[in-house]
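Structure first, then comments.
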Amino acid sequence: MTLSLISILSKQDVTNYRSLAVAFERFFATYYVDTYETKKRKWISVLVCSELTVACGVSAIIMLFDLLPISVMAFLGVFISCASFFFYLVLFIMNKRRLQTIQQERVDDMYTLSVRFQLSENLRVMTLLRNVVIFSGVNNFIMAIILTLYMSKSFKTAYPVTCLYLHFAFNFCVIIYSFLMLIIMVFSVKQYRVYFFSLRFVRVTLYPLVGRCFQNEFSMPHVQELSIRDETDSYFTNLSTQWDEKFERFNRS
């Protein structure tokens, strides 16, 4: 087992464990959605960081001492990606259903704007992480198959030329992994796309390529960058206006 393969697999495992760590954090954000932003819970940060540290440490020991074959470690990464995807899917459905309940015109439901804001943030993060986990899982599955064939002695003996192509394909997947991951993160959430396409250089460069696919984002006017406080104030102002209009319609009825 070469050092380069250990390094590549360790990076892939860190990515998988990190996705699980973020999934655990979003689980607590969903469970404590009513008070998640107002009440500090340091034990959540300690638990999530401990989970990530222990998982990466165990994975490093297994790879350094060659306790499991590389192919098994690769498919273990695929399994973690699949588990993360279904975890994200469940959390996404839970947050979406609760947000739809809040948006109904019910006066007896004592929901605050902070809860609605937190649910919206959860959905935004879940959409981003869902696409990241899907791409990571597909990429890990392809790399696991390539690595299993490439490390097989019988396959090397029977198809030596094919092994060279597999080695090239494996390195190619590693190279484009980070690049495509960045693109997926930018294009997954509409708010990110709008800001990304508002950049002059991006609009001029990418409009001939993806202009037809994202006409709404390109047709929007230039977005001025706001601070986090300004964005939050603007968001809550819009939400407050919408709720005032709903209560006025309810009182009239």
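Sort 24-31, 142-149 by packing, meaning the average of other beta carbons within 10 Å per residue, with the highest value first. Walk me through the intermediate numbers first.
Values: 24-31: 17.0, 142-149: 19.1.
Put in order of decreasing packing, that is 142-149, 24-31.
Where does each of 206-216, 163-173 land if you order them by average Cβ count within 10 Å, highest first?
The densest-packed peptide leads the list: 163-173, 206-216.
Work out the FRET efficiency for Lys39 and Val138 from their Cβ-Cβ distance, taking R0 = 41 Å, and round it to the nearest 0.05.
Plugging the Cβ-Cβ distance into 1/(1 + (r/R0)^6) gives 0.60.
Could you tell me the center-to-center distance, by alpha carbons, between region 25-94 and region 157-220 in angstrom?
Centre-to-centre distance over Cα atoms comes out at 26 Å.
A short reminder: the numbers here are calculations on the coordinates, not readings from a lab. None of the values given here were measured: they were computed from a predicted structure. Here the Cβ is made from the backbone with ideal geometry for all residues, glycine too, and neighbour counts use every protein chain on show.
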